[in-house]
Amino acid sequence: MRLSRKKRQHPDNSSASSDIAFLLIIYFIVIAGFNVNKGFLMTLPARDSSRLILKDDLLRFDLDDSGRIVFQGEIVGIPQAERTIRSAVGTNPNLAVILTIDPEAPWQQVVSFVELAQKLSVDSFSFTMKDSEDLTGGSS
């Protein structure tokens with residue numbers, strides 16, 4: 001009795017590599033759903049809301065080009081800024097913290113200050129970049 005032999009297929013014609021590619025695509029689609037992007041969660045005011053903030057409720061900080069925090073003309077550290085904000089939040093429930101950032105400031109200092117505002121549950125927090133006119137001393 002003679003057994004029939006199957007012809008060997010050439011490896012280029014194999015569908016195994018396409019099966020593996022399909023399984024890898026499915027795998028990456030599934031794990032992409034589990035990749036959660038965490039960032040700063042801040043509540044922003046609605047577009048049509050109008051909120052009045054008194055001048056006494058403003059707390060202005062500047063971040064200079066070397067990453068130093070300046071408050072009322074004095075250089076302060078993160079711990080001193082935290083104490084200042086914490087005491088102001090206790091006395092002014094409508095407190096708004098404003099951070100003006102020099103474009104050359106280290107990004108880590110900006111992130112640290114934003115984390116501080118989030119940690120202290122500041123309801124109104126705003127930050128802006130200094131204009132080039134502000135840096136050169138020009139008038140607006």
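The values are calculated or read from the model by the stated rules, or taken from the named source; none is laboratory data. Treat the numbers as computed from the prediction; the structure is a model and nothing was measured. No Cβ is skipped: glycine too gets one built from the backbone with ideal geometry, and neighbour counts run over all protein chains shown.
Overview of results
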{"quantity": "Residues satisfying the stated conditions in segment 99-114, i.e. assigned to a strand (DSSP E or B) and within 19 Å of residue 79 (Cβ to Cβ)", "calculated": "99"}
{"quantity": "In segment 110-137, the residues that are acidic (Asp, Glu) and modelled with pLDDT of 85 or more", "calculated": "115"}
{"quantity": "Looking only at segment 115-133, and only at residues there that are outside any helix (DSSP H, G or I) and over 17 Å from the mean Cα position of the chain (by Cα), the one that is farthest from residue 59 (Cα to Cα)", "calculated": "131"}
{"quantity": "Check on residue 22, at pLDDT 70 or above, aromatic (Phe, Trp, Tyr), surrounded by 10 or more Cβ atoms within 10 Å (Cβ to Cβ) and out of contact with any Cys (no Cβ under 7 Å at 6 or more places or on another chain)", "calculated": "yes"}
{"quantity": "Verdict on residue 46 being farther than 23 Å from residue 86 by Cβ and at pLDDT 65 or above", "calculated": "no"}
{"quantity": "Qualifying positions in segment 62-87 - in a helix (DSSP H, G or I) and either charged (D, E, K, R) or within 15 Å of residue 104 (Cβ to Cβ) (or both)", "calculated": "82, 83, 86"}
{"quantity": "Subset of segment 57-80 [on the phi > 0 side of the Ramachandran plot and in contact (Cβ under 8 Å) with a residue 24 or more places away in the chain]", "calculated": "67"}
